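The values are calculated or read from the model by the stated rules, or taken from the named source; none is laboratory data. The shown structure was predicted, so the numbers you read here are calculated from the model rather than taken from an experiment. When we count neighbours, we look across all protein chains shown, and the Cβ atoms used for this are built from the backbone with ideal geometry, even at glycine.
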RNA sequence: GGCACUGUAGCUCAACUGGAUAGAGCAUCGCACUACGGAUGCGAAGGUUUGGGGUUCGACUCCCUACAGUGUCACCA
């Protein structure tokens with residue numbers, strides 16, 4: 001935005017020269033405090049004068065008054081001011097707001113940065129294990145990671161969305177063993193199950209058999225903790241892992257087959273979620289890099305070897321513990337693989353500036369350790385790795401918990417959301433008379449918006465409570481309610497167009513006066529670029545969600561008690577039409593960054 | 001037990017990073033509307049920001065302390 005439309009630059013400079021001329025001193029950046037004027041006071045922008053009283057050596061009111069007089073005299077955009085306690089409230093002229101708005105409607109990508117104008121950022125999210133289906137926790141993870149990536153893209157970064165697939169290790173061997181023993185050659189086709197569900201089923205089967213065998217051993221007088229490691233089925237899984245590492249052709253073939261099923265299943269789930277990836281990393285490939293890095297670190301003395309052959313790092317000097325990075329049998333661990341992957345990624349993308357890991361907060365310690373290790377290995381880009389940590393999602397007691405455990409399956413939940421959307425829509429008589437196929441699509445869109453909006457509107461780092469019923473309400477702070485407002489603005493815009501009202505500029509010349517509502521909406525739109533920039537800086541999509549909701553409400557507040565297309569002269573009609581169009585453009589852009597689709601009708 | 005995060009209206013969440021009288025939505029109550037114990041609109045009520053100290057012009061925000069919740073402290077991932 002040009003400087004004459006940027007209030008911070010405009011007022012910042014003016015205040016600087018005001019203080020210079022009144023009191024003969026230069027101000028630092030931190031002494032100029034500007035904020036949006038609160039609703040209950042008159043004005044647009046507020047200068048906090050407390051930091052200036054030390055310089056003026058006068059009371060806050062006096063100081064504010066003096067600066068206010070100076071500003072009004074020297075800045076043509078300022079139409080008035082008032083001082084309340086230590087707050088100087090400044091009103092900007094209609095001319096300023098109209099000029100801004102004319103600028104905003106000519107920018108089709110208002111607020112969005114120039115594509116690829118900023119350094120590359122990598123966002124990792126999802127990163128599932130391949131032995132079981134995606135669950136509720138993955139939903140928050142995926143939506144958060146996807147949204148952050150889209151936000152960064154919107155402000156101009158090159159973005160690579162990636163995930164690391166944990167396709168290797170004892171967990172997948174468990175599913176394989178169980179399938180061999182109990183599967184009778186069952187496939188996704190023969191059982192008409194999603195592939196990930198099928199493999200997950202055998203993971204559970206393994207667990208059952210394991211428990212059964214443990215019970216038998218305990219009966220034979222073996223201690224419980226030892227029994228777990230001595231079962232026949234467990235040793236079969238361990239054998240299989242060893243065979244896998246030795247690249248036994250039969251084991252590898254089975255591993256590929258079952259992982260293939262899982263990927264097919266995941267693909268369906270990701271499609272429903274509406275997320276995607278630019279590049280996939282597989283642990284089965286990257287763990288080698290990790291072992292190499294450990295090897296190098298061992299030579300340079302960063303790591304040390306214990307008598308049994310396991311390799312460690314001593315982080316007690318950092319206030320952490322000793323940490324193993326390689327098992328005594330030389331096999332790689334979770335962290336080994338992560339060391340390799342981090343370094344590999346910066347090699348894969350030489351222009352990579354920053355890396356964001358979207359991973360749950362239960363792994364905060366893990367990442368602290370990982371970054372320390374990378375740093376000790378002399379990998380300076382460790383400072384450019386950020387753990388985007390998020391809290392757990394809980395559900396209201398009882399409902400929607402799957403039979404056995406506490407795990408809520410992602411596919412089931414998303415399907416349930418569409419069903420609830422259907423119920424609510426039917427109850428309220430919406431969508432009547434639409435073809436069945438279109439209805440189905442809309443139920444899906446509504447259900448997903450409810451889910452996404454609800455999960456994203458909460459500060460990521462906090463644990464949260466997800467209530468499906470509350471999330472899908474067409475009133476209140478929900479995705480569907482924002483969608484609903486959006487659809488209404490589309491209808492109004494359509495009606496205006498049919499009525500021959502055209503979107504054009506020239507508001508400044510036409511001499512329109514802004515009523516309160518119009519001024520409110522313009523001011524709200526003015527905030528958009530700042531909100532987006534802030535969200536990109538803090539990796540927090542919640543800011544965007546709240547903003548979109550606020551804008552929708554601000555817009556709505558007028559719609560409810562006025563017919564905005566009536567009772568106005570031509571210039572005002574044009575302005576209102578333009579406000580309608582711009583409002584829904586901004587809302588649509590905002591929600592798109594959250595991965596929420598906008599229906600054309602509802 | 002050590003470390004980390006969290007604690008705001010009955011419930012789910014905000015509060016522009018130290019600013020004005022702590023805001024929304026559900027739920028509740030009142031009014032309007034009416035085929036309706038519904039949907040909608042308007043309005044009201046709801047708070048010692050877990051307790052206690054401190055820092056300053058000013059604290060939900062920063063510091064100390066107590067309490068409560070969650071996570072984590074594996075040759076698991």
Check: If residue A:48 satisfies every condition in (1) at pLDDT 90 or above; (2) within 9 Å of RNA strand B (Cβ to nearest atom); (3) in contact with a helix residue (DSSP H, G or I) (Cβ under 9 Å, 6 or more places away or on another chain) but one, which is the exception?
Finding: (3)
Check: Limited to segment A:361-374, what total is found for residues that are touching a helix residue (DSSP H, G or I) at 6+ places or on another chain (Cβ under 9 Å) and in contact (Cβ under 8 Å) with a residue 60 or more places away in the chain?
Finding: 1
Check: What number of residues within segment A:225-273 satisfy the criterion of being surrounded by fewer than 16 Cβ atoms within 10 Å (Cβ to Cβ) and outside any helix (DSSP H, G or I)?
Finding: 3
Note to self: Return the residues of segment A:325-365 that are part of a loop (DSSP other than H, G, I, E, B), on the phi < 0 side of the Ramachandran plot, surrounded by fewer than 18 Cβ atoms within 10 Å (Cβ to Cβ) and within 16 Å of RNA strand B (Cβ to nearest atom); say none if nothing qualifies.
What the structure shows: A:327, A:328, A:329, A:331
Notebook entry, point to check: Of the residues in segment A:462-517, how many are over 21 Å from residue A:421 (Cβ atoms) and away from RNA strand B (no atom under 16 Å from the Cβ)?
Noted result: 23
Item checked: Test for residue A:55: is it free of Cβ contacts under 8 Å to residues at least 40 places away in the same chain and surrounded by 14 or more Cβ atoms within 10 Å (Cβ to Cβ) -> yes
Item checked: Any chance residue A:289 is more than 15 Å from RNA strand B (Cβ to nearest atom), surrounded by fewer than 16 Cβ atoms within 10 Å (Cβ to Cβ), part of a helix (DSSP H, G or I) and at pLDDT below 95 -> no
Next item on the list: Go through segment A:426-461 residue by residue and tally those that are touching a residue at least 60 places away in the same chain (Cβ under 8 Å) and near RNA strand B (Cβ under 9 Å from one of its atoms).
Entry: 5
Notebook entry, point to check: Looking at (1) touching a strand residue (DSSP E or B) at 6+ places or on another chain (Cβ under 7 Å); (2) touching a residue at least 40 places away in the same chain (Cβ under 8 Å); (3) over 24 Å from residue A:164 (Cα atoms), which is the one condition that is false for residue A:318?
Noted result: (1)
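So that you can scan it fast, the table gives a plain yes or no per residue for (1) under 17 Å from residue A:375 (Cα atoms); (2) under 23 Å from the mean Cα position of the chain (by Cα); (3) in contact (Cβ under 8 Å) with a residue 40 or more places away in the chain:
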site: A:265; (1), (2), (3): no, no, yes
site: A:268; (1), (2), (3): no, yes, yes
site: A:273; (1), (2), (3): no, yes, yes
site: A:279; (1), (2), (3): no, yes, yes
site: A:305; (1), (2), (3): no, no, no
site: A:326; (1), (2), (3): no, no, no
site: A:354; (1), (2), (3): yes, yes, yes
site: A:359; (1), (2), (3): no, yes, yes
Next item on the list: Within segment A:489-526, track down each residue that is under 27 Å from the mean Cα position of the chain (by Cα) and at pLDDT below 85.
Entry: A:489, A:490
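Search segment A:106-126 for residues being buried (at least 20 other Cβ atoms within 10 Å of the Cβ) and at pLDDT 90 or above, and hand back the single one that is farthest from residue A:353 (Cα to Cα).
If we take residues in segment A:106-126 being buried (at least 20 other Cβ atoms within 10 Å of the Cβ) and at pLDDT 90 or above, then A:126 is farthest from residue A:353 (Cα to Cα).
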Check: Can we say residue A:38 is within 10 Å of RNA strand B (Cβ to nearest atom), under 30 Å from residue A:522 (Cβ atoms) and either modelled with pLDDT of 90 or more or touching a strand residue (DSSP E or B) at 6+ places or on another chain (Cβ under 9 Å) (or both)?
Finding: yes
